[in-house]
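A.B. asks: Just dropping this structure here.
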Amino acid sequence: MGAKSYDMIVIGAGPGGYVAAIRGAQLGLKVAIVEREHMGGICLNWGCIPTKAMLRSAEVFHLMHRAKEFGLSADGIGYDLDAVVKRSRGVAKQLNSGVGHLMKKNKVDVVMGEASLPAKGKVSVKTDTGTEELTAKNIVLAVGARARELPGLEADGDLVWTYKHALMPPRMPKKLLVIGSGAIGIEFASFYNTLGADTTVVEVLDRILPVEDAEISAFAKKAFVKQGMTIMEKSMVKQLDRGKGKVTAHIETGGKVEKHEFDTVISAVGIVANTDQLQLEKLGAKLDRSFVVTDEYCRSGADGLFVIGDATNGPWLAHKASHEGVMVAEIIAGKNKVHPVKPESIAGCTYCHPQIASVGFTEAKAKEKGYKVRVGRFPFIGNGKAIALGEPEGMVKTIFDDKTGELLGAHMVGAEVTELIQGYVVGRQLETTEEDLMETVFPHPTLSEMMHESVLDAYDRVIHI
Ligand SMILES: Cc1cc2nc3c(=O)[nH]c(=O)nc-3n(C[C@H](O)[C@H](O)[C@H](O)COP(=O)(O)OP(=O)(O)OC[C@H]3O[C@@H](n4cnc5c(N)ncnc54)[C@H](O)[C@@H]3O)c2cc1C
């Protein structure tokens, strides 16, 4: 049988790939999508969604312990870890089958199997029953990434886990070491710590959540320590000695190595793109470590090969992958006025307790870029809704260009900030200035009023503190 021909072939059905496929089909392209494992990619199956389901269980558990504060009673509060995991897997499964349904609805051909790229415009798929050959003028590579493993700290699924093991844990850790304090490490630290694990987080840089604004990192650290976590910054796990049911970690801080014992380690030290088997250089693409170097329109340099999502430049987030998917499908369909994705306008959210969310430049970054900044801050304790919710811990920080009033960055820590941040994202997209934000009427009582107050504070007009 000859090769099947398409206008666009997408490789990888994560949030980058499946969204690109849908947008391409909407624009009249004949589209195929190749997936080797699961519709929905890491995001739906092992990332964004199942972690949020688990964190929700932890949040409810935490709130149940606070029942008395709200005039309620709850006795014998406990949890069944297997049931928590079962719920999380169920949520992932529901969404995963939803993606299959969307492919059908949009008449996208789904080919299940491992794709390779033998030559320009050609895709070869190893399926359960043989090999399928496909051709297209345009190929969208959306193969995502996997957990990075450091030599000596490799996961074994028993004592040392990656995020996949942490989402289907063989047991509840008693003494947990989390290596790495990015969003993934901190979310698992928060989940297991809330359920009662004695949790230590080790971060090699000088503060946890290193991509966040320094004030937000410091605030979060204080909250985590108050919840019983141990935070070790400027520290490096040099070695893990695996014994029977225990791991001895050699942790270096300030040139001194100390040994600490744990029963479980979660390694969350970054990701590696799934590009190793694809020989992309042969097609003319350039790689930076495992990531394909692309321009602002996700063009790889290899003719007709676009690369989106976790397989290319960061930030490595699902919504960035999806937005790039829409963008490349529109380019391929020949749409005019396609706008590139601006990394500095992509919000980052961490769903720990308290939550963290940000968009744009940190204060340090804005200053480094030469801006004279105006900074506003507003604490949760000054907001009626936060107090009514029993969530008085948190802050909203906004950063403006003193000269033009442009909103350069917004940074938040506290309850529901992952839902609030989108207000500032829209503001940045519309090139909002301080005046627009100050003139906007925010509904009362809402947490969003703090977004207003933080802006007012930057211009010495704050009302409620
Ligand atoms: C624990 C965890 C929590 C996360 N939480 C969040 C969050 O809250 N918010 C957020 O925005 N991001 C989060 N992320 C990141 C998010 O999951 C990724 O940014 C997102 O999944 C990237 O989408 P993608 O389409 O590029 O790749 P992926 O989702 O990784 O999908 C790639 C797909 O390609 C397939 N594939 C790979 N190679 C081939 C091949 N050769 N042939 C066929 N198929 C192939 C894979 O099987 C996979 O299904 C989290 C990640 C993790 C690990």
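FYI, it's all coordinate maths here, none of it is from the lab. Computed from a prediction, not measured in an experiment: that's the story for all the values here. With ideal geometry, Cβ positions are generated from the backbone for all residues, glycine too; neighbour counts draw on all protein chains shown.
A.B. asks: Could you work out the relative contact order of the chain, using alpha carbon pairs under 8 angstrom and six or more residues apart, expressed as a whole percent?
C.D. replies: Details: 1000 pairs, mean separation 66.8, N = 465.
Answer for the chain is 14 percent.
A.B. asks: What shape does the chain take by its C-alpha gyration tensor, where a ≥ b ≥ c are the square roots of the eigenvalues and a/c under 1.5 counts as rounded, a/b above b/c as prolate, and the rest as oblate?
C.D. replies: Values: a/c = 1.72, a/b = 1.24, b/c = 1.38.
It comes out oblate by the Cα gyration axes.
A.B. asks: I'd like the Karplus ³J(HN,Hα) series for the stretch 386-397: coefficients 6.51, -1.76, 1.60, θ = phi - 60°, whole numbers in Hz, and an x wherever there's a Gly or Pro.
C.D. replies: Per-residue couplings from phi come out as 4, 5, 4, 6, x, 10, x, 9, x, 7, 10, 10 Hz.
A.B. asks: Also: Can you list the HN-Hα couplings for the stretch 147-155, worked out from phi with the Karplus curve (6.51, -1.76, 1.60; θ = phi - 60°), rounded to whole Hz and with x for Gly and Pro?
C.D. replies: Calculated HN-Hα couplings, in order: 5, 7, 10, 8, x, x, 10, 4, 6 Hz.
A.B. asks: Something else about it: Beta carbons within 10 angstrom, averaged per residue: use that to sort the peptides 181-191, 213-223, highest first.
C.D. replies: Numbers: 181-191: 25.3, 213-223: 20.5.
My ranking of the peptides, most packed first, is 181-191, 213-223.
A.B. asks: For the stretch 138-177, rounded, prolate or oblate, judged on the Cα gyration tensor with a ≥ b ≥ c (square roots of eigenvalues), a/c < 1.5 rounded, else prolate if a/b > b/c?
C.D. replies: Working: a/c = 4.18, a/b = 2.14, b/c = 1.95.
It is prolate, given that a/c is not under 1.5 and a/b is the larger ratio.
A.B. asks: Between rounded, prolate and oblate, where does the stretch 1-56 land on the alpha carbon gyration tensor, with a ≥ b ≥ c its root eigenvalues, rounded for a/c under 1.5, else prolate if a/b exceeds b/c? Please report the intermediate quantities before stating the final value.
C.D. replies: Values: a/c = 5.30, a/b = 2.17, b/c = 2.44.
Oblate, since a/c reaches 1.5 and b/c is not below a/b.
A.B. asks: Let me ask you something else. Looking at the stretch 37-76, which chymotrypsin sites (Phe, Trp or Tyr not before Pro) are DSSP coil and have at most 14 other C-beta atoms within 10 Å of their C-beta? Numbers along the way, then the final one.
C.D. replies: On the way: sites: Trp46, Phe61, Phe70; in loops: none.
Sparse-neighbourhood loop chymotrypsin sites (Phe, Trp or Tyr not before Pro): none present.
A.B. asks: Another question about this same structure. Take Leu389, project a point 7 Å from its Cα along the Cβ direction, then tell me which residues of the stretch 45-66 have their backbone nitrogen under 17 Å from it.
C.D. replies: Output list for this probe position: 55-64, 66.
A.B. asks: Next question, about the same structure. Relative to the compact globular guide of 2.2 N^0.38 Å, what is the alpha carbon radius of gyration of the stretch 253-312, as a ratio?
C.D. replies: Details: Rg = 18.0 Å, N = 60, 2.2 N^0.38 = 10.4 Å.
Scaled against compact globular proteins, the figure is 1.73.
A.B. asks: Where does each of 153-160, 327-334 land if you order them by average Cβ count within 10 Å, highest first?
C.D. replies: On the way: 153-160: 16.0, 327-334: 20.6.
Those peptides, ordered most packed to least, come out 327-334, 153-160.
A.B. asks: Related question: Please give the calculated 222 nm ellipticity per residue for the chain, where each DSSP H segment of at least 4 residues contributes -39500 (n - 2.57) and the sum is spread over every residue; nearest 500 deg cm²/dmol?
C.D. replies: Details: 14 runs with 149 residues, N = 465.
Mean residue ellipticity, 222 nm, calculated: -9500 deg cm²/dmol.
A.B. asks: Please rank Tyr297, Tyr351, fewest neighbouring Cβ atoms within 10 Å first, as an exposure proxy. Show your work: numbers first, answer last.
C.D. replies: Numbers: Tyr297 15, Tyr351 22.
Going from sparsest to densest Cβ surroundings: Tyr297, Tyr351.
A.B. asks: Is there a pair in Lys164/Lys222; Lys137/Lys282; Lys30/Lys122; Lys222/Lys367; Lys367/Lys403 whose C-alpha atoms are over 21 Å apart, and which pairs would that be? Mind dumping the intermediate values first?
C.D. replies: Numbers: Lys164/Lys222 28 Å; Lys137/Lys282 17 Å; Lys30/Lys122 15 Å; Lys222/Lys367 25 Å; Lys367/Lys403 13 Å.
The answer is Lys164/Lys222; Lys222/Lys367.
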